[in-house]
Structure formats: structure tokens, C-alpha cells
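A.B. asks: Could you have a look at this structure, given as C-alpha cells, before my questions?
Nothing in this text is a laboratory measurement; each read-out follows from the coordinates by a stated rule. Just so it is clear, the structure is predicted and the values come from calculations on it, not from any experiment. Methodologically, a virtual Cβ is constructed for each residue, glycine included, from the backbone with ideal geometry; neighbour enumeration extends over all protein chains shown.
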Amino acid sequence: MSDNTCQTYVPATPFVVVPDNATPLHIPHRSRNVPPDAWCDYDRPVPPSWAELAARRGFRIDRRVRDRYHLALECLSCGAYTAVKIAALRDAAVRCGGCAARDREQNAQGAGLTFLRRDPVARHYGYFRAPCGHTVRRQFELIQRVRSGKTGLRCALCLVAREQDEARAHGWHRIGSDFAGNPAYRLYRHACGHVQRIARVNMRHGQCDCARCGESWSSKPSVIYLARISLPGLAGDVVKFGYSAHPRKRFKHQLGLPKSARVRFVRLLEMPSGHAACAAEKAANARLARDFPDLVVPQTIYRGLINVRSEIYWPAILGEIEAELDRISGQTQAR
């Protein structure tokens, strides 16, 4: 291998080519930007001590390349050639590029994929052809877990196509991901033009009534209420923050309150639809429970008195709930 001329380098491949016999020379990832002709032979002898060290690591030194700091090692296991620094041979665990490439391809085949190429920028990623024919970019570690059956792999393009078909079957059009960032939801446009976020599982099963033109509770006007409740056996009041199309009916017939309980509505905020009321109320209660956990009444205190499991607070939180209602009112009027 005394010829010092390098063959043409193909950028899409993760290696350069040894001149005489076209044997791939695997290049370290950090050296991927080094010009191809820099990997030609470097005409200097190899000290015997280096050869002995390489043999103990499972390699044979084929020659020196690029400069006085680099070697081309032949793997004694698979016969592939890998370029490494002399310092790495001395101090680090040298990995054969050919064995690594074989492992990547075997992992891909075991996962039902075809390995195409490594990501030229992110060394932990590669490009694979999925059984559907699409190209996917995934971490090599994920492919190993897919091969071992610990997880699955889905094609994003095929997933979008399935979601489009599911939406069309129920009179909707998939617009895109949820603007709130919830991976379980998607944004859809109904045949009437109304845009709405809907859980994908609900769309799949057709449980997706339009909040504008539908006939269910989600499309009819609703109310977000704030009420103080006096319960027998409690020294002070508690606060209920929720929504209902008929708040007074809900407290009288649905919450299972004792006959001696007294209810006073502090505020009633009318909402254009049950869908809007549900979304706003749930988001507000989540913020209140997160920011004011000490003002959430433990369920053990009102168990058997109110037929709910959450959304019950101590009266000290009234000002915060009023602020949430003001915010909801402003957002609703702006739409």
C-alpha cells in the first residue's frame, strides 16, 4: 500500500476508501470533516511496541495514515480497517468501525428496518428505512430496544396519514399537533369550519362532537360557577369551583349534599359551550391545585358529604379563583 493517491470520497458514506484495494477505512466521528485526501499513507515506520500494543487490543497495525499521530488498524475479528490516534491506542478502548457498522445493521434488521446511513451531525442517530418504505431518523439505542422487544417504532408519516383517515371518517380534517403541546391531543377542523382540539383516542372512536354545530352537551352553552358550601359537622365553609349547564340543578340533584347543607353562588360565568367551559375549568383547577396545595381540602374531610373527589378548596382561595374567572372571561370575550 505504497501508493499515496486517494480515490474519490463519497460524502454520503461514513468512511473513506483505501487506495489499492478499495477496503473501507472507518473514520472516527470527530474527524468526519477532515478532507478525504488527508487519510493517505504517512510514510514512517511503526515501532514494534505499538504493534504489540495493538495485538493486545485485538488489532494489527496496517500502516500509518494522515500524519504522525494516526494509524490504520486491521481488526483481527472482522478484518475491517479503522483509523485511530496513537494516543487512543495507548490510553482508550479502541472500537472497530467495521464491527460497529455490522452491529448497527444487525440491530436494524432485528428491528425490521434497513440501516441507510449515520446522521452526519448527531453521532447517536441514524437513518433507517421502515417496512412502510419511509425513511425514519432514530437513536441507535432506541433501535436496540426495538430489536429486544422493549418498545415499538412507528413512522410519523404513516401516523399522520392514519389520523387523517380517522378524522375524515367522522367529518373532520386533521390540522396538526395540539397547540397546548399535549401529545394525546390533535387540532382538527370540522366540516362547518370550527377548529377544535380533540383527544386522538376520542377521534378514533368517533366521540368528537363539534362545539359549534353539534347536539351534545359540549356544543351547548354552559356555566363556570364558584360556590360556597356550608356542610353539617364542619366549622367553616368550603368552596366548589366547577362547570355545569345547570349549576343549581347540579347542586340540588347531583352532588349528594345533605339536606341541611347551604349553597351560595359567589359567581356564575356564562360560557359559549360545554367544551369551552370544560377546557377552561380543568386548566384553572390544575393551576390552583399546583400553586396552592395547602388550600385544597383533603377528600377525607368531605367524603360522604359531597359526591366529588376534587375541586374543593378552603375559602382563603376565593381571590385566586376570582382572578382565574377574570382571565377566562377576558379570553372568552376576545374570541
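A.B. asks: Along the principal axes of its C-alpha atoms, what lengths does the chain span, in descending order and rounded to whole Å?
C.D. replies: Taking the Cα atoms of the chain, the three principal extents are 99, 48, 36 Å.
A.B. asks: With just the Cα atoms defining each centre, how far is the stretch 108-125 from the stretch 279-335? Give it in Å.
C.D. replies: Cα centres, the stretch 108-125 to the stretch 279-335: 48 Å.
A.B. asks: Efficiency by 1/(1 + (r/R0)^6): what FRET value for Tyr69 and Thr151, r their Cβ-Cβ distance, R0 = 56 Å, to the nearest 0.05? Present the calculation step by step, with values, prior to reporting the outcome.
C.D. replies: Values: r = 41 Å, r/R0 = 0.73.
Rounded to the nearest 0.05, the efficiency is 0.85.
A.B. asks: On a 0 to 90 degree scale, rounded to 10, what angle separates helix 97-110 from the longest Cα axis of the chain?
C.D. replies: Helix 97-110 and the main axis of the chain meet at about 40 degrees.
A.B. asks: Top mean-square fluctuation among Pro36, Pro48, Pro120, Gaussian network model of the chain, C-alpha springs under 10 Å?
C.D. replies: Looking only at Pro36, Pro48, Pro120, the biggest GNM fluctuation is shown by Pro48.
A.B. asks: Another question, if that's okay. What list of ³J(HN,Hα) couplings, whole Hz, do you get for the stretch 192-198 from phi and the Karplus terms 6.51, -1.76, 1.60, once you set θ to phi - 60° and write x for glycine and proline?
C.D. replies: After applying 6.51 cos²θ - 1.76 cosθ + 1.60, I find 7, x, 6, 9, 8, 8, 9 Hz.
A.B. asks: Taking amide hydrogens as modeled 1.01 Å from N in the peptide plane, which residues meet the under 5 Å criterion relative to Val65, leaving out close sequence neighbours?
C.D. replies: When sequence neighbours closer than 5 places are left aside, the close amide H contacts are Tyr42, His70, Leu71, Ala72.
A.B. asks: Taking the Cβ of each residue in Asp67, Asp62 as the centre, tally the other Cβ atoms inside 10 Å and list the residues starting with the fewest. Mind showing how you got there, number by number?
C.D. replies: On the way: Asp67 11, Asp62 19.
Neighbour counts put them in this order, fewest first: Asp67, Asp62.
A.B. asks: Report, to the nearest 10°, how far helix 156-168 tilts away from the longest principal axis of the Cα atoms in the chain, using its own Cα long axis and a range of 0 to 90°.
C.D. replies: 30 degrees
A.B. asks: When you have a sec, figure out the Kirkwood radius of the stretch 171-226 from all distinct Cα pair distances and drop it here in Å to one decimal? Don't skip to the end; give the middle numbers.
C.D. replies: On the way: mean 1/r = 0.0838 Å⁻¹.
The answer is 11.9 Å.
A.B. asks: So, one more: How many nm is it between the label spots at Val46 and Ser230, if each spot is 7 Å from the Cα in line with the beta carbon?
C.D. replies: 9.5 nm
A.B. asks: Now for a different question. Hey, what D do you get for the stretch 253-316 in µm²/s if you plug the Kirkwood alpha-carbon radius into Stokes-Einstein at 37 °C and 0.692 mPa s?
C.D. replies: 241 µm²/s
A.B. asks: Here is a follow-up. May I ask you to derive the FRET efficiency for Val160 and Arg327 from their Cβ-Cβ distance with R0 = 41 Å, giving the value to the nearest 0.05?
C.D. replies: E between Val160 and Arg327, to the nearest 0.05, is 0.75.
A.B. asks: Over the chain, with a Gaussian network built from C-alpha contacts below 10 Å, which listed residue (Gly236, Gly214, Gly193) shows the highest mean-square fluctuation?
C.D. replies: Ranking Gly236, Gly214, Gly193 by mean-square fluctuation puts Gly236 first.
A.B. asks: From the mean inverse distance of alpha carbon pairs (Kirkwood) and the Cα radius of gyration, derive Rg over Rh for the stretch 99-147.
C.D. replies: 0.92
A.B. asks: Please rank Lys259, Lys249, Lys220, fewest neighbouring Cβ atoms within 10 Å first, as an exposure proxy.
C.D. replies: Arranged by neighbour count, lowest to highest, Lys259, Lys249, Lys220 become Lys259, Lys249, Lys220.
A.B. asks: Can you tell me the orientation of helix 274-291 relative to the chain, as the angle in degrees between its alpha-carbon axis and the longest Cα principal axis, to the nearest 10?
C.D. replies: 70 degrees
A.B. asks: Right, something else. Cross-link partners among lysines for Lys282, C-alpha distance below 21 Å, same-chain residues fewer than 8 apart left out?
C.D. replies: Lys220, Lys240, Lys249
A.B. asks: Taking a quarter of the surface of the convex hull around the Cα atoms of the stretch 15-95, what do you get in nm²?
C.D. replies: Result: 5.0 nm².
A.B. asks: Could you work out which residue, out of His170, His205, His275, moves most in a Gaussian network model of the chain, that is, has the largest mean-square fluctuation with Cα springs under 10 Å?
C.D. replies: The residue with the greatest mean-square fluctuation here is His205.
A.B. asks: Put a dot 7 Å past each Cα toward the Cβ at Thr135 and Arg248; how far apart are the dots in nm?
C.D. replies: 6.6 nm
A.B. asks: For Val223, list long-range residues whose amide hydrogen, built 1.01 Å from N in the peptide plane, is under 5 Å from its own amide hydrogen.
C.D. replies: Ser244, Ala245, Met271
A.B. asks: Next question. Can you list the equivalent-ellipsoid semi-axes of the stretch 222-333, largest first and in whole Å, using the square root of 5 times each Cα gyration tensor eigenvalue?
C.D. replies: In descending order, the three semi-axes are 22, 16, 11 Å.
A.B. asks: In addition: Quick one: Cα centre-to-centre distance for the stretch 71-107 and the stretch 138-197, in angstrom?
C.D. replies: Each part reduced to its Cα centre gives a spacing of 40 Å.
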